[in-house]
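Colleague: Dropping the structure in here first, questions after.
Readers should treat all values here as calculations from the given coordinates under stated rules, not as data from a laboratory. Bear in mind that the values here come from a model prediction, so they are computed numbers and not experimental data.
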Amino acid sequence: MRSETTGARLRGMFSWVVWVLLVAVAAAFSDPPAPQVTRLKMSGRVLDENGEPLVGAVVEVDYSKGGGPSSPPSDCPPRPAFCWLSTRTDALGKYSVEFDARPWSTFGFGYVYAGLNGYEVDTQWVPVGPSPAVLNLRLHATRKIVPGESAVVSVESASSLCTDLEDNWALERRCEIVVIESGPGTLNVEARAVSGSVVPFIWWYTTGNYAGLITRPGPGMVSIPVRGGTYRIMVAVPEGTATQRFNVTTSLR
């Protein structure tokens, strides 16, 4: 009788183990649940550095497609699985958009950027708070310097995410841009903290031409062989860093 009871218990335990394994295998090979779709209404203003509204600025939102209609209408190519929509600010610098989004692969629901001729682009994360959301974007007027001149920039928590919207997507950092109009030669740029010991990272992009291998002679420095044109230097710090001021010096050899 004891032997039969023990055998029954063993069979029961074996069946339970098999059931657990089957459930685990099924879970491993089943499709993951689809990310939840959020209907997001977002509005705000595009302002200059003095808080004045900018009329006719382009505002574009790039987001993971959620399947529903948007206002204004979105472009949604089959691959990659994201959409973008674009609008312009009105006479008060206001914009308004509405769309269905899934969680973005990096953060939140995607990113939004604003641009206008004569100003540098501002790129920010789409807010993750409740809808409707308000997001104001601030554009800095483009100020060009030439090699031999310097500029002081302040990189803040609200500075633009670091991207040229084409090849460089360092969205884990915040940037301010120094625009350099240069002739041919080797353009040398160095950014040093006005106070403190924070060393920024430097990226660059251009509407001109490169003339050789770009190097980094030291921390916060870059050496760029150039054929001439307009070169944008992005002075960057990691997301979450307190406001930092940097003196950016340039030379051409």
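Colleague: Can you list the aspartates and glutamates whose alpha carbon is less than 19 Å from that of LYS144, not counting same-chain residues fewer than 8 positions off?
Modeller: Leaving aside aspartates and glutamates fewer than 8 places away in the same chain, those within reach of LYS144 are ASP48, GLU49, GLU120, ASP122, ASP164, GLU176, GLU181, GLU190.
Colleague: Report the Cα centroid-to-centroid distance between the stretch 160-238 and the stretch 43-98 in angstrom, as an integer.
Modeller: The two parts, judged by their Cα centres, are 28 Å apart.
Colleague: While we're on this one: In the stretch 144-252, what percentage of the DSSP-assigned beta bridges are antiparallel, given to the nearest 5? Don't jump to the answer; show the numbers that get you there.
Modeller: Details: 42 of 45 bridges.
So the antiparallel bridges amount to about 95 percent of the total.
Colleague: Something else now. Under 17 Å between alpha carbons, and skipping anything fewer than 8 positions from LYS65 in its own chain: which aspartates and glutamates qualify?
Modeller: List returned: ASP75, GLU98, ASP100.
Colleague: Something else: Hey, any idea what the orientation-averaged projected area of the convex hull of the stretch 136-177's Cα atoms comes to, in nm²?
Modeller: Numbers: hull surface 15.8 nm².
In nm², the orientation-averaged hull projection of the stretch 136-177 is 4.0.
Colleague: Semi-axes of the equivalent ellipsoid for the stretch 144-252, please: Cα gyration tensor eigenvalues, times 5, square-rooted, ordered largest first, whole Å. Can you show the working numbers first?
Modeller: Values: eigenvalues 97, 47, 27 Å².
For the stretch 144-252, the ellipsoid semi-axes come out as 22, 15, 12 Å.
Colleague: I've got another one for you. Under the Kirkwood approximation for Rh and a Cα-based Rg, what ratio Rg/Rh is obtained for the stretch 52-128? Let's see the in-between values first.
Modeller: On the way: Rg = 12.8 Å, Rh = 13.0 Å.
The Rg/Rh ratio comes out at 0.98.
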